[in-house]
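The values are calculated or read from the model by the stated rules, or taken from the named source; none is laboratory data. Not measured: the values here are computed from a predicted model. Ideal geometry is used to build each Cβ from the backbone, glycine not excepted, and the neighbour counts take in all protein chains shown.
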Amino acid sequence: MFRRHVVVVEDDALLRDLIAKTLESNDFDVTTAANAADAARAFKAHDPDAVVLDVELGPGPNGFDFAESLHKTAPDVGIVFLTNLPDSRFAGRDTKDLPSNVSYLRKSQLVDSNELIHALEAVLHDSVELGQRHDLDANRPLASLSKKQISVLQLLAMGYTNSQIADKRGTTVRAVEGIVSRIFQALDIDVQAEGNARVEAASTYLRASGKSLSDA
């Protein structure tokens, strides 16, 4: 039987090894990479059929950057995103900008490894179904927020003040205050209740993105 070749791009060594072993046990040849630079070298050396790609890859290009470059030079290569992020808004991109023939799986949503195998087969046969696009799930975390609101919420979770967020975004403090107010409203956070609304909003973001307070 012809064995398809997959490059696994994941910065967590234990998870990278687990994914590789899972794919190998399902008759795929596998090359692993810890970041986009390693992945680019792997693609040049092996000319693979598909990639299983995390979004957050540490310093340097993220998974979306790499996928965009790959899609331009090798549009026939199947792409399965496997990530903690609910969708591409969390990396400053619009969900609609992703190619239609990719699969997007949230690590926390996978029931078993068969879902990853089925997603790989789907992208290899250009038969991706809605269930293999977790980024399009209407019930995904923070689905009601816009990309701009997600961006501001991310900065808020990192501990930036409204003034600092305004400086980073090149806008006014009043504009940021308006965005933050709409975020609180969308998240149903009562700014008059006891406790800090910003802390509650930050915690909501961290939970949604699969991070902890130490990651912020």
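Annotations for the structure displayed:
- Test for residue 178: is it surrounded by fewer than 17 Cβ atoms within 10 Å (Cβ to Cβ) and over 30 Å from residue 7 (Cα atoms): yes
- Subset of region 103-120 [modelled with pLDDT of 95 or more, farther than 16 Å from residue 22 by Cβ and not charged (D, E, K, R)]: 104
- Only residues that are of a type in the set (Val, Ile, Thr) and part of a loop (DSSP other than H, G, I, E, B) were counted in region 65-81, giving 1.
- Residue 206 being buried (at least 16 other Cβ atoms within 10 Å of the Cβ) and closer than 16 Å to residue 83 by Cα: yes
- Selection of first residues in region 136-147 that are at positive phi and of second residues that are small (Gly, Ala, Ser) and buried (at least 16 other Cβ atoms within 10 Å of the Cβ), restricted to Cβ pairs under 8 Å at least 6 apart or on distinct chains, gives the following pairs, ordered by first then second residue: 142/208.
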